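This report refers to the structure that appears directly beneath it.
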Amino acid sequence: MGNSHSALDSVFHALADPTRRAVIQRLGQGPATVSELAEPFDMALPSFVKHIAVLEASGLIGSKKIGRVRTCTLKPRKLAAAERWFGEQRALWESRYNNLDNLLSGLSGEGK
């Protein structure tokens, strides 16, 4: 369980930055080179490569280097794990709200 939380921590850390979220969104359209991914951002390439390293370390993306060109691809499995976590949280809170609604309905019915 601790290991799964650690994996989610790295995914949420990676997604906490708007640049990295934009990279993930772009890679949802298909593979791209680091240069293509960096193009829309006003930062030096070495700074951008640090964002790529965080995304790779989290397991959200993978990359392959052929010659001098590094191409990145999305690894949707890690996103699916985060989505499952959100689904579990949603179900938990919906259940709690339903219980609260039932309790409040019961209390308002008692006073009559």
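Only the coordinates and a few stated rules stand behind these numbers; no lab work does. It should be emphasised that the depicted structure is a prediction, and the values quoted were computed from it without experimental measurement. Cβ: placed from backbone, ideal geometry, glycine included. Neighbour counts: every protein chain shown.
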Conditions (1) part of a strand (DSSP E or B); (2) polar (S, T, N, Q); (3) more than 30 Å from THR19 (Cβ to Cβ); number of the one not met by SER95: (1)
Residue selected from the stretch 65-112 under the condition over 13 Å from the mean Cα position of the chain (by Cα) and aromatic (Phe, Trp, Tyr), by the criterion farthest from THR33 (Cα to Cα): TYR97
Restricting the stretch 1-45 to residues that are more than 14 Å from the chain's Cα centre (by Cα) and among the β-branched types (Val, Ile, Thr), the residue that is surrounded by the most Cβ atoms within 10 Å (Cβ to Cβ): VAL34
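Could you grab me the full set of residues in the stretch 54-67 that are surrounded by 13 or more Cβ atoms within 10 Å (Cβ to Cβ), hydrophobic (A, V, I, L, M, F, W, C) and not in a strand (DSSP E or B)? Spell out the reasoning first.
The first filter runs over the stretch 54-67 and keeps only residues surrounded by 13 or more Cβ atoms within 10 Å (Cβ to Cβ), leaving 54-56, 58-63.
Filter again for hydrophobic (A, V, I, L, M, F, W, C), leaving 54-55, 60-61.
Correct list: VAL54, LEU55, LEU60.
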Check on ARG70, assigned to a helix (DSSP H, G or I) and either basic (Lys, Arg) or in contact with a Cys (Cβ under 6 Å, 6 or more places away or on another chain) (or both): no
Test: residue in the stretch 74-97 that is surrounded by 11 or more Cβ atoms within 10 Å (Cβ to Cβ), hydrophobic (A, V, I, L, M, F, W, C) and in contact with a strand residue (DSSP E or B) (Cβ under 9 Å, 6 or more places away or on another chain): yes
Some residue of the stretch 65-85 being over 14 Å from LEU15 (Cα atoms) and among the acidic types (Asp, Glu): no
